[in-house]
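The next block holds one structure in the form of structure tokens; read it before the comments.
The values are calculated or read from the model by the stated rules, or taken from the named source; none is laboratory data. The structure displayed is predicted, hence computed values, not measured ones. Don't worry about glycine lacking a Cβ; one is built from the backbone with ideal geometry, like all the others, and counts go over all protein chains shown. Heads up: the accessible areas ignore ligands, DNA and RNA and are worked out on the full protein's heavy atoms, side chains in. Shrake-Rupley method; radii C 1.70, N 1.55, O 1.52, S 1.80 Å.
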Amino acid sequence: MKGYSFWSLAKNAITGHQSWPQVWRTPDIKSSYDVVIIGAGGHGLATAYYLAKAHGITNVAVIERGYLGGGNSGRNTQVTRSNYFWPQSAAFFDRSLQLYEQLSKELNFNTMLSQRGVMNLACSHHELEGMRRWANAIQINGVDSEILSPADIKRIVPLINLDTRYPIHGGFIQWRGGISRHDAVVWGYARAADALGVDIIQQCEVTGFEIANGRVAGVRTSDGTVAAGKVCIAVAGHTSVLAYKAGFRVPISSQALQAMVSEPIKPCLDAMVMSPTIHAYVSQSDRGEIVFGGGTDVYNSYAQRGGLPLLEETVAALLEMFPAFSRLRLMRQWAGIVDITPDTTPIMGKTPVDNLFITGGWGTGGYKAIPAGGETMAYTIANDKPHSLIAEFDLERFESGALIDEGAASGVSH
Amino acid sequence: MLRINCPHCGTRDEAEFRFGGESHVIRPGPDVSDSEWAEYLFNRDNPMGIHLERWCHSFGCSLWFNVARDTVTHDILATYKMGEEKPEL
């Protein structure tokens, strides 16, 4: 891989930017791999990267039905944070944030992390009490958080309307939280994994598994059967579909999560703002667009498009918090299919089929978990035992009852 | 916006209804294994295609009923009352 640097930029500027190399290869699929990863989103590509980088396993294919980063990796609202209530979640998501803080250097690709603070608003005395408990739990977990008064909030985001129907009583902020560029994260991992020898196969659909004696031996694809020592499912909203094909069920429901952006305007919103009660979250991208979303559409869906009732609700919630944004034109609206678990904690690790691994159940919060998700899944696949950070995120917790219920603890978009 | 045909009140907008997840889930007896109990508590059908599900007409008759809906096209193929057999689709 030719590294990006000031010198490479200067050199290519002199030659009119005509001699930049391809960022990654487009290889033909081989008949056999040590590891096949299904899904070239952030989690699949990061897993492939850490398999090659940290464990020396380079005979790896990442097979993607559509195009690289075209699913939820390209549809999320780019939020990175680790303000979790339970110690298991905090340890995992803070590891992810720490990796994000080093990611541009690690991948030699500017992921544009902007640690501008992620703020949660409380709209009643009781909600503020709950947030105090939440913020204290975050601090006990060794993660930064700070309680804010309404005056603090107004100082950080002056455009906010504090006199909402349920007035804003305060809130808290994680200053290390923020946003980064989601496509850059995906492209950075793809480029780095490709340079280490990983084959990224796009426009190739996995249609089934080769399973013998309870052990996976390969995958059937639209380009033929591929033998594989180990297989990992990393397909977000379609996790259930592939699990059915491998012969087991997962406690996941797939729903559409909408997001939308306004036309670009000058910088006016610094921190990322969320309200569980008013039910919207919003940030301003580096391109100036106001990026926002709210709840998921209530019914199961694989349609990758959102319904109008929730769109209206989300826009109304945003305008309640920021009336000035009523003057903006909405530029784009879209939806991704998110895979929601009963306790809103992901499902990672082994499956009932030997050598078949799963990283799913990311629900509405998978983007922030990409680096640690990749790192821990690579360890789990390479050593055939769960990484200590994800040991409690296994499928068996639903049987043992050891749920990690972040639903109540982690706010509007968990 | 879905248009849902409540078997009691007729066709109304989605906004009048509440979604209740998979229908026809049968609670097993008290003597089942942990895995069968977990299957009942947590595992739900999540098909890419026809899904049989419960809806409640909250802002109408307040009654629960069943809907057969395609999760890809969102087409509603049938609605039927609680206690009725699954439709042939």
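On average, how many beta carbons from a partner chain sit within 10 Å of the beta carbon of a residue in A:249-261?
The shielding value for this peptide is 3.
Helix A:125-140 against the longest principal axis of chain A: what's the angle in degrees, Cα atoms only, rounded to the nearest 10?
40
If packing is taken as the average count of other Cβ atoms within 10 Å, what order do A:105-115, A:34-44, A:230-240 fall into, highest mean first?
Top of the packing list down: A:34-44, A:230-240, A:105-115.
Using only the Cα atoms of segment A:122-167, build the gyration tensor, take square roots of its eigenvalues as a ≥ b ≥ c, and label the shape rounded, prolate or oblate: rounded if a/c is under 1.5, else prolate if a/b is larger than b/c, else oblate.
Note, shape of segment A:122-167 comes out oblate.
Quick one: Karplus J couplings for segment A:266-279, per residue in order, coefficients 6.51, -1.76, 1.60, θ = phi - 60°, nearest Hz, x for Gly and Pro?
5, x, 9, 9, 8, 6, 7, 10, 10, 9, x, 7, 5, 6
List the lysines whose alpha-carbon lies under 17 Å from that of A:Lys154, not counting same-chain residues fewer than 8 positions away?
Those lysines meeting the cut-off do not exist here.
Is the shape of segment A:260-404 rounded, prolate or oblate, going by the alpha carbon gyration tensor and its root eigenvalues a ≥ b ≥ c, with a/c under 1.5 for rounded and a/b larger than b/c for prolate?
Cα axes put segment A:260-404 in the prolate bin.
Counting only C-alpha contacts under 8 Å and six or more residues apart, can you give the relative contact order of segment A:301-414 as a whole percent?
The value is 24 percent.
With all protein chains present, calculate the accessible area of B:Arg18 using a 1.4 Å probe and round the result to the nearest 10 Å².
130
In whole Hz, with x marking every Gly and Pro, tabulate ³J(HN,Hα) for segment A:364-381 from phi via Karplus 6.51 cos²θ - 1.76 cosθ + 1.60, θ = phi - 60°.
In residue order, the calculated couplings are 8, x, x, 4, 5, 9, 4, x, 6, x, x, 4, 6, 5, 4, 4, 4, 6 Hz.
Amide H to amide H under 5 Å from A:Asp343: which residues, 5+ apart in sequence or cross-chain, H placed 1.01 Å off N in plane?
none
Largest first, how would A:His279, B:His57 line up by accessible area (1.4 Å probe)?
Sorted by accessible area, descending: A:His279, B:His57.
Just for chain A, what percent of DSSP beta bridges are antiparallel, to the closest 5?
Counting DSSP beta bridges with both partners in chain A, the antiparallel share is about 70 percent.
Taking θ = phi - 60°, what integer Hz values does the Karplus form 6.51 cos²θ - 1.76 cosθ + 1.60 yield along segment A:334-351, in sequence order, with x for Gly and Pro?
Result, rounded to whole Hz: 8, 9, x, 8, 9, 9, 9, 9, x, 9, 6, 9, x, 10, 9, x, 7, 10.
Compute the Kirkwood hydrodynamic radius of the protein assembly as shown, taking the inverse of the mean of 1/r over all pairs of distinct Cα atoms, and give it in Å to one decimal.
23.9
Of A:Ala90, A:Ala256, A:Ala391, which is the most mobile in a GNM of chain A whose springs link Cα atoms less than 10 angstrom apart?
A:Ala391
Given axes a ≥ b ≥ c from the Cα gyration tensor, I'd like to know whether segment A:78-125 is rounded (a/c under 1.5), prolate (a/b larger than b/c) or oblate.
oblate
Can you tell me, using C-alpha contacts under 8 Å and at least 6 residues apart, the relative contact order of chain B as a whole percent?
Relative contact order for chain B comes out at 26 percent.
Full extension from A:Val23 to A:Lys154: what is 0.36 nm times the residue separation minus their Cα-Cα distance, to one decimal in nm?
Full extension from A:Val23 to A:Lys154 adds 42.8 nm.
If you fit an axis through the alpha-carbon atoms of helix A:87-107 and take the longest principal axis of the Cα set of chain A, what angle between them do you get, 0 to 90°, nearest 10?
The two axes meet at around 70 degrees.
Quote the relative contact order of segment A:1-67 in percent (integer), defining contacts as alpha-carbon pairs under 8 Å separated by 6+ residues.
The value is 30 percent.
Would you please give the residues with an amide H less than 5 Å from that of A:Lys230, counting only those at least 5 places away or on a separate chain, with H modeled from the backbone geometry?
Under 5 Å from the amide H of A:Lys230: A:Val35, A:Val36.
With axes computed from alpha carbons, what is the tilt in degrees of helix A:308-321 against the longest principal axis of chain A, rounded to the nearest 10 within 0 to 90?
The answer is roughly 50 degrees.
Heavy-atom accessible area of B:Trp64 with all protein chains present, probe 1.4 Å, nearest 10 Å²?
B:Trp64 exposes around 90 Å² with every protein chain in place.
What does the accessible area of A:Asp405 come to, in Å² to the nearest 10, when a probe of 1.4 Å is used?
Its heavy atoms expose roughly 80 Å² to the probe.
For A:Leu319 and A:Gln304 in the same chain, what is the full-extension length gain: residue separation times 0.36 nm, less their Cα-Cα distance, in nm?
Net length gain for the segment: 2.9 nm.
First select every other residue whose beta carbon is under 10 angstrom from the beta carbon of A:Ser262; then total the charges, Lys and Arg +1, Asp and Glu -1.
Here the charged neighbours net out to +1.
Give me, ordered by chain and number, the residues 5 or more places off A:Val62 or on other chains with an amide H under 5 Å from its own placed amide H.
A:Ile37, A:Asp199, A:Ile200, A:Ile201
Please give me, ordered by residue number, the GluC sites (Glu not before Pro) of chain B that lie in loop per DSSP and have at most 14 other Cβ atoms within 10 Å.
In loop regions of chain B (DSSP not H, G, I, E or B), the sparsely surrounded GluC sites (Glu not before Pro) are B:Glu84, B:Glu85, B:Glu88.
Counting only helical runs of four or more DSSP H residues, what would the 222 nm mean residue ellipticity of chain A come to if each run contributes -39,500 (n - 2.57) and the total is spread over all its residues?
After summing the helix terms and dividing by residue count, I get -9000 deg cm²/dmol.
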